[in-house]
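The values are calculated or read from the model by the stated rules, or taken from the named source; none is laboratory data. Quick caveat, the model's predicted, so the values are computed rather than measured. Ideal geometry is used to build each Cβ from the backbone, glycine not excepted, and the neighbour counts take in all protein chains shown.
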Amino acid sequence: MSQQQQQHIVVIGAGVIGLSCALHLQSAGYAVTIVARDLPAPFETICLSPRSHINYASPWAGAHNRWVPPTPSGDGAREHAMAVATYARMAALAAAEPAGAATGITFMKGIEYLEAPPAEYLALTPERAVGELGMPAFRLLAPSEFPDERVVWGCEYDTWCVNPMVYCCFLLRRFVWGGGRVVRRELKALAEVYALDLGLSGGEKGRIDAAVNASGVGFGDDDKVFITRGQTCVVANSCAATVTRQNADGSWTFSVPRNFDGGTVIGGTKEPDNWDADPSPQVRESLLRSFTATHPAILGESGELRVLQDIVGRRPTRRGGPRIEGEIIPGGGFVMHAYGLGGRGFELSWGVAQGVLDGVQRHLKAHQAKL
Ligand SMILES: Cc1cc2nc3c(=O)[nH]c(=O)nc-3n(C[C@H](O)[C@H](O)[C@H](O)COP(=O)(O)OP(=O)(O)OC[C@H]3O[C@@H](n4cnc5c(N)ncnc54)[C@H](O)[C@@H]3O)c2cc1C
């Protein structure tokens, strides 16, 4: 067994970020244990008690990849690179499982309509989008393809959607199959990770070489973190594309086909610091009406929407973007932070996992050099 294989990493969290990091670290040869309060389960059972899982963001996501071009000054370039890395990994996972059923991934068209496009959208030519930014099959829509006259800019491209809990269960299953360990536990503080008795050898405390903080919102010690409430609605209707409309008043209208008997998510709201856990029937009506007006094809032959489930979720958001950096915490343990992904956890997940692997390897190399 190589020196690297003997090193043990504990990942806190089993949302899409913790699972992706755990699998990526495992593939690089580390022994990995996931410690988490919430674990993936079929969406249908999570919905039996939505309030008890409301702080677990991953089940409530769409989840689609919507390309977000960096601004002319370069803002968002780091996140865009992570989205490109994630797209490539999703394509590889889907190709390895052609039926797709195991992974929950579907590739399809993404369609966007904007009423008030910012400069970075207006600057998108097919050459820049495809060649420089890696947005496959990008095409500007002609005005005749817009749904109404309030839309002034539109595009389509190739992208992916996942059924979040099918996908997260797949990641968990693959991790365990690869020898990963899973412990259901809530930590009261980050430093507790280094005091865990993981029972690795006859009940003795296992050695931990590094930890990953993929807890979604962190441990309450980062004043840049806040939640963004999202209300959406799952309908049984299928939708051939993931369609997003950005309205001039800042509101959003979108569809995210989950497939695999998961219906289509119609959304949605983005409400910073709103902790209300209950869906509003009025908001549901307005979301369904707005989306149907933009994309009547969702109604299909039946001519109506069949509602399956209202969703309220909390996006773990962070001013300035996600925190992906290493830190020596009080007590001397090393923690690689990977939290605050906001509304983009799925679409950036494999890029985050690569950043975490790089940070862990850097730390362990520097640590070994000191010994
Ligand atoms: C309505 C809605 C729609 C969305 N749509 C999309 C989309 O289309 N595309 C997209 O990319 N993203 C989307 N998102 C965002 C996405 O859901 C999040 O970015 C993502 O789920 C964050 O994943 P995470 O692993 O960081 O956090 P989480 O999924 O919240 O997981 C955190 C993990 O840490 C564990 N944990 C936390 N604290 C502790 C503790 N003290 N001790 C032990 N364990 C702990 C939890 O139990 C859990 O296992 C959407 C979100 C919402 C709400």
(request) Give the number of residues within segment 18-39 that are within 18 Å of the chain's Cα centre (by Cα) and among the polar types (S, T, N, Q). (result) 1
(request) Tell me, yes or no, whether segment 350-358 has at least one residue that is touching a Lys or Arg at 6+ places or on another chain (Cβ under 8 Å) and within 16 Å of the ligand (Cβ to nearest atom). (result) yes
(request) Return the residue satisfying two criteria in turn: it lies in segment 304-331 and is farther than 27 Å from C233 by Cβ and free of Cβ contacts under 8 Å to residues at least 12 places away in the same chain, and of such residues it is farthest from the chain's Cα centre (by Cα). (result) I328
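So for segment 146-160 (the condition being closer than 17 Å to L23 by Cα, charged (D, E, K, R), touching a residue at least 12 places away in the same chain (Cβ under 8 Å) and in the same structural domain as R258 (by TED's automatic domain parsing)), does at least one residue qualify?
Initially, segment 146-160 is screened for residues closer than 17 Å to L23 by Cα, giving none.
Within segment 146-160, none of the residues are closer than 17 Å to L23 by Cα, charged (D, E, K, R), touching a residue at least 12 places away in the same chain (Cβ under 8 Å) and in the same structural domain as R258 (by TED's automatic domain parsing).
When you look at L23, is it outside any loop (DSSP other than H, G, I, E, B), near the ligand (Cβ under 9 Å from one of its atoms) and surrounded by 21 or more Cβ atoms within 10 Å (Cβ to Cβ), yes or no?
Details: outside any loop (DSSP other than H, G, I, E, B): yes; near the ligand (Cβ under 9 Å from one of its atoms): no; surrounded by 21 or more Cβ atoms within 10 Å (Cβ to Cβ): yes.
Judged against the criteria, L23 is not a match.
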(message) Given the options G326, G321, name the one that is surrounded by fewer than 22 Cβ atoms within 10 Å (Cβ to Cβ), touching a helix residue (DSSP H, G or I) at 6+ places or on another chain (Cβ under 9 Å) and not in a strand (DSSP E or B).
(response) G321
(request) Identify all residues within segment 296-323 that are under 19 Å from T244 (Cβ atoms) and within 16 Å of the ligand (Cβ to nearest atom); write none if there are none. (result) I311, G313, R315, T317
